[in-house]
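Asks: Have a look at this one.
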Amino acid sequence: MRISERVVLSFFAWTSLLAICLPVAPEVRLRILVWNAAVLAAYVFVLRFRRAPWMEIVRDWLPQALVILAYKEMGWFAVATHSHLLEQRWIVWDRILLDDWHIRAGIEFLGPVMPALLESSYVLVYALPVVSMALLYGLNERSSTDTLLTIYLLGMFLCYGQFPFWPSEPPRTVFPGQDMPQATTWVRDFNLWIVGSYGIHTSVFPSAHVSGAVATAFGMAYLFPKRRALIAGYGIYAVLVAVATVYGRYHYAIDALAGTMVGLVAYFLGSWLTRSSRSFGV
């Protein structure tokens with residue numbers, strides 16, 4: 001079994017435990033357990049036919065599809081109401097950054113140019129694992145797919161797994177009309193449509209957008225230490241995503257900071273697991 005597959009199964013085992021232990025509705029508990037049993041059955045099938053040439057490709061892409069399921073499952077843990085105590089504390093730091101430190105004004109100095117770049121970076125997070133995997137294929141580095149998937153999945157799942165313990169909503173909904181960007185672009189309208197239509201209401205802490213971008217950036221640097229342009233590109237992109245989450249009011253600054261830390265933990269843990277598996281021949 002690949003390391004990334006162990007990460008996937010560990011996460012869904014964790015959500016099963018949460019479903020059993022947390023006070024969720026019986027139908028929610030049953031739904032989660034049934035879906036998680038289906039994931040387990042899927043991997044039993046995958047491992048049964050793992051020697052088939054086409055199965056290697058399936059194993060590269062299946063975990064990415066399961067990230068969507070993982071995200072939806074965390075949405076099922078959402079509580080009916082939030083006290084917004086956490087958000088009231090977090091917004092103080094945002095206003096210091098955006099207003100007192102004039103970060104919003106600096107971003108909007110050139111009109112819609114930088115805001116459009118930030119919003120584009122934010123929306124492209126959804127394509128980041130696909131593009132990165134395709135890049136590995138293009139560089140004839142398919143042998144590295146498990147390493148990248150491990151680091152990326154840890155970046156996402158270490159965030160998702162915390163959501164039920166930090167019930168919170170994004171600043172754009174808790175504080176409507178306040179601290180909002182002054183520059184409006186069609187990309188922002190598209191982002192708002194996505195998060196409005198497909199977002200969950202469990203938590204915004206830590207930011208999985210930021211964690212996934214940071215983990216992927218460090219993962220690519222780990223795999224291609226001599227490709228400086230590639231490393232710089234991924235690094236700059238991760239910074240843009242972190243800034244975009246706060247400027248666009250999708251997240252609080254503390255979410256982005258925590259997401260960065262989780263991304264770093266994912267990188268160190270994922271790279272350690274990779275090295276350990278090679279040492280023990282797993």
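Just so you know, all these numbers are worked out from the coordinates, no wet-lab data involved. These figures come from a predicted structure and were not determined experimentally. No Cβ is skipped: glycine too gets one built from the backbone with ideal geometry, and neighbour counts run over all protein chains shown.
Asks: For volume of the Cα convex hull per residue in Å³, several values are listed as (i) 138; (ii) 175; (iii) 157; flag the one computed from this structure.
Replies: The value matching this structure is (i).
Asks: Output the peptides 250-256, 179-185 sorted from most to least packed, where packing is the average of other Cβ atoms within 10 Å over each peptide's residues.
Replies: Averaged packing, sorted descending, gives the order 250-256, 179-185.
Asks: Can you compute the helix-only [θ] at 222 nm over the chain? Use -39500 (n - 2.57) per DSSP H run of at least 4 residues, normalise by all residues, nearest 500 deg cm²/dmol. Write down the numbers at each step before the final one.
Replies: Details: 13 runs with 200 residues, N = 282.
Roughly -23500 deg cm²/dmol at 222 nm, from the helical runs in the chain.
Asks: Using Cβ contacts closer than 10 Å as the measure, can you line up Glu5, Glu119 from fewest to most?
Replies: Glu5, Glu119
Asks: By average Cβ neighbour count within 10 Å, what is the ranking of 168-178, 150-160, 136-146 from highest down? Numbers along the way, then the final one.
Replies: Working: 168-178: 16.6, 150-160: 27.6, 136-146: 14.4.
Most protected by this proxy first, the peptides run 150-160, 168-178, 136-146.
Asks: What's the exposure ranking of Asp99, Asp60, Asp94, going from fewest to most Cβ atoms within 10 Å?
Replies: Lowest to highest Cβ neighbour count: Asp99, Asp60, Asp94.
Asks: Contact order normalised by length for the chain, with contacts defined as Cα pairs under 8 Å and 6 or more residues apart; what percent is it?
Replies: Relative contact order of the chain: 25 percent.
Asks: Would you kindly derive the ³J(HN,Hα) couplings of the range 253-262 from the backbone phi angles with the Karplus curve 6.51 cos²θ - 1.76 cosθ + 1.60 (θ = phi - 60°), listing them in order in whole Hz, with x for Gly and Pro?
Replies: Listing the rounded values in order: 4, 5, 5, 5, 5, 5, x, 4, 5, 5 Hz.
Asks: Here is a follow-up. Which whole-Hz ³J(HN,Hα) couplings does the range 197-204 yield from phi under the Karplus relation 6.51 cos²θ - 1.76 cosθ + 1.60, θ = phi - 60°, glycine and proline marked x?
Replies: 8, 10, x, 10, 10, 8, 6, 10
Asks: Ranking Lys72, Lys226 by Cβ neighbours within 10 Å, fewest first, what do you get?
Replies: Lys226, Lys72
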